[in-house]
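The values are calculated or read from the model by the stated rules, or taken from the named source; none is laboratory data. Worth saying up front: this structure is predicted, and the values here are computed from it rather than measured. Ideal geometry is used to build each Cβ from the backbone, glycine not excepted, and the neighbour counts take in all protein chains shown. Surface areas here come from the heavy atoms of the whole protein model, side chains and all, with no ligands, DNA or RNA. Shrake-Rupley method; radii C 1.70, N 1.55, O 1.52, S 1.80 Å.
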Amino acid sequence: MSLPVVEYLKLPEGGEPYLEGHKCSECGSIFLGERNVCSNCFARDSMQSIKLNNTGKLYSYSIVFRSFPGIEVPYISAIVDLDGGGTVKGNLIDCEPDPDKINFDMPVEVIFDDALGRKDKDGNSYISYFFKQIT
Amino acid sequence: MSDVYVLGVDMIKFGRFPDRTVPDLGAEAALLALDDAGLNIGNMEAFYCGNLGQANAMVGQRILQEIGQTGIPVVNCSNACATGATAFREAWTSIKAGLYDVVLAVGVEQMGTGLLGGSGSGSGIPKEGLLGSGTMPAVFAEAGMEHARQYGTTFEQFAKISVKNHHHSTMNPKARYQIETPLDEVMNAEMISYPNTKLMCSVNVDGAAAAVLVSEKKAKELGMQRAVRIKASVMTSDPYQERDLVMPDVNSCTRKAASEAYEMAGLDSSDVDLVELHDCFATAEMLHYENLGLCDDGEAGRLIDEGEVELGGRIPVNVSGGLLSKGHPLGATGIANIYEVCTHLRGEAGERQVENAKIGMTHVIGLGSACGIHILEKV
Ligand SMILES: [Zn+2]
């Protein structure tokens, strides 16, 4: 069985994976990860967990050619504004690492797959999320 | 409240000193600043020390063990790349508060090699290259590409910033490098994180800088000839922004700090004769032209295209060579840029002197985030 790569990736039993946000019922700000107090409006106990959408638009990116030893390059580090709110960062895959091929605001979908074969020290495998252009 | 003055300030030439220690580098800068002020450690009433790499290792006290243990209060500060500016500002605050008349501030750093940043593995598996990149070149590339999406800023425009700062550093003997880097060389250098090539990333170096700050009373007593007045000292943290959790924001904390600094100084950006700003990456410098009000939003690309930010231009930026070529020893940077501005206000900057400089601004950003801005005035 695979584990989620981050706490905000949910793998419900018998259901589809999704990304979870925490939305402030007072001001509408959406956060990744649980919290008690809203850092925008300071409301307490106003957080509600929500299911984030699996589609969004590319907000910004960088094409990474040098990373730490053992990390395969190049890859596209992408910041995506999800439809309906929430911003997440991840790899944009199946896209040429060429700025001429990457357009701001291009529609992308969130897909869930094995975490590039990476395993932890106990040999567990992980499920991660990726972005893929919707053509 | 008394105005506060910089009476002595200096930095060591930035470089690589693997055989020396952090306190040793800090001590050298402290002695240079004390000599510049015509004072000695026995005259200091308090000492604020900035260092990041050994933040838990009492660097300030170890500096005093090398230059004189007088029993004064020592505060060790760590605030990412705003560490030096934080130490300087704490010294300023203590004089403003009327606690002391003569205070020492030192920023010092010994750097490792290679990339900074990276999304730490935490529990589970490493996230770098899986959930995008947390390396500093990538994070600041993404911040630059946000500008590109808004205003169409080009790779070439970002690269020109590096050409400019490397050119400036050829006139600064204390910079790490004194080497011209033509545009094609910058653009064809190894791509680290598009659009930042290797020559568009700040240089990892060791370094130290120090300043002696005094009250107005003390400045008058010791002589005002080379004193520099601190017109504004401001720090901010990052106000809430909706993309904070995935995109560290260096813009809103800088804008907030700049507007507070101009207000404190009773000045606006048109009064400023030179700026030393936080060019940790070429993409970052572009953002700060607008954040500091050196031009209107969307005009930053034009500013670099038309040479307004070069030595001799309307508002020279990073005539020291900046972090891109002078080097970026994290904890020292915030005092080294104060040294640069003071040197111009004193008319002692030699070949790179900004003519008739009366007002200068320094700016640093520590990601996470902390922004420090100082406005300095020729007396
Ligand atoms: Zn709220």
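Considering only residues of the stretch A:27-41 that are more than 7 Å from the ligand (Cβ to nearest atom) and more than 16 Å from A:Leu82 (Cβ to Cβ), which is farthest from the other protein chains (Cβ to nearest Cβ)?
Ranking the candidates gives A:Asn36 first.
I'm checking my understanding of the structure. Among residues of the stretch A:1-26 that are within 16 Å of the ligand (Cβ to nearest atom) and farther than 22 Å from A:Phe130 by Cβ, which one is farthest from the other protein chains (Cβ to nearest Cβ)?
Within the stretch A:1-26, the match that is farthest from the other protein chains (Cβ to nearest Cβ) is A:Ser25.
Quick check on the stretch A:42-67: of everything there that is more than 12 Å from chain B (Cβ to nearest Cβ) and within 16 Å of the ligand (Cβ to nearest atom), which residue is surrounded by the most Cβ atoms within 10 Å (Cβ to Cβ)?
Out of the qualifying residues, it is A:Met47.
Consider B:Ile230 carefully, then state whether it is under 18 Å from B:Asp279 (Cβ atoms) and either touching a residue at least 60 places away in the same chain (Cβ under 8 Å) or assigned to a loop (DSSP other than H, G, I, E, B) (or both).
Judged against the criteria, B:Ile230 is not a match.
Answer yes or no: is there a residue in the stretch B:337-349 that is more than 11 Å from the chain's Cα centre (by Cα) and among the hydroxyl-bearing types (Ser, Thr, Tyr).
yes
What tally of residues in the stretch A:26-74 results from selecting those that are of a type in the set (A, V, I, L, M, F, W, C) and in contact with a Leu (Cβ under 9 Å, 6 or more places away or on another chain)?
Total satisfying the criteria: 7.
Of the conditions (1) within 21 Å of the chain's Cα centre (by Cα); (2) open to solvent by less than 10 Å² (accessible area, probe 1.4 Å), B:Gly301 satisfies every one except a single condition; which number is it?
(1)
Confirm whether A:Cys95 is modelled with pLDDT of 95 or more, within 16 Å of the ligand (Cβ to nearest atom) and open to solvent by less than 40 Å² (accessible area, probe 1.4 Å).
no
Any chance you could count how many residues in the stretch B:344-379 are in contact (Cβ under 8 Å) with a residue 60 or more places away in the chain and outside any strand (DSSP E or B)?
The total comes to 14.
One line per residue, one yes/no per condition, for (1) outside any loop (DSSP other than H, G, I, E, B); (2) open to solvent by 20 Å² or more (accessible area, probe 1.4 Å); (3) touching a residue at least 60 places away in the same chain (Cβ under 8 Å); (4) under 30 Å from B:Leu267 (Cβ atoms):
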{"residue": "B:Tyr177", "(1), (2), (3), (4)": "no, yes, yes, no"}
{"residue": "B:Lys220", "(1), (2), (3), (4)": "yes, yes, no, yes"}
{"residue": "B:Arg226", "(1), (2), (3), (4)": "no, yes, yes, yes"}
{"residue": "B:Thr236", "(1), (2), (3), (4)": "yes, no, yes, yes"}
{"residue": "B:Pro239", "(1), (2), (3), (4)": "no, yes, no, yes"}
{"residue": "B:Glu242", "(1), (2), (3), (4)": "no, yes, no, no"}
{"residue": "B:Pro248", "(1), (2), (3), (4)": "no, yes, yes, yes"}
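Inside the stretch A:110-130, can you point out the residues that are in a strand (DSSP E or B) and not small (Gly, Ala, Ser)?
Selection gives A:Val110, A:Ile111, A:Phe112, A:Asp113, A:Asp114, A:Leu116, A:Arg118, A:Lys119, A:Tyr126, A:Ile127, A:Tyr129, A:Phe130.
Regarding B:Ile192, is this residue surrounded by fewer than 20 Cβ atoms within 10 Å (Cβ to Cβ), of a type in the set (A, V, I, L, M, F, W, C), touching a helix residue (DSSP H, G or I) at 6+ places or on another chain (Cβ under 8 Å) and over 30 Å from A:Asn124 (Cα atoms)?
No, not satisfied.
What number goes with the only condition from (1) open to solvent by less than 10 Å² (accessible area, probe 1.4 Å); (2) over 20 Å from B:Arg176 (Cβ atoms) that B:Pro329 does not pass?
It fails just one condition, (2).
Pick from the stretch A:98-111 the residues that are surrounded by fewer than 21 Cβ atoms within 10 Å (Cβ to Cβ) and of a type in the set (A, V, I, L, M): which of them is farthest from A:Val64 (Cα to Cα)?
Restricting to residues being surrounded by fewer than 21 Cβ atoms within 10 Å (Cβ to Cβ) and of a type in the set (A, V, I, L, M), the top hit is A:Ile111.
In the stretch B:134-141, is there at least one residue being more than 26 Å from B:Met58 (Cα to Cα) and either of a type in the set (Ser, Thr, Tyr) or part of a loop (DSSP other than H, G, I, E, B) (or both)?
yes
Restricting attention to the stretch A:73-89, does a residue exist that is away from the ligand (no atom under 16 Å from the Cβ), at the interface with chain B (Cβ under 8 Å from one of its Cβ atoms), touching a residue at least 60 places away in the same chain (Cβ under 8 Å) and within 30 Å of A:Asn103 (Cβ to Cβ)?
Within the stretch A:73-89, one or more residues are away from the ligand (no atom under 16 Å from the Cβ), at the interface with chain B (Cβ under 8 Å from one of its Cβ atoms), touching a residue at least 60 places away in the same chain (Cβ under 8 Å) and within 30 Å of A:Asn103 (Cβ to Cβ).
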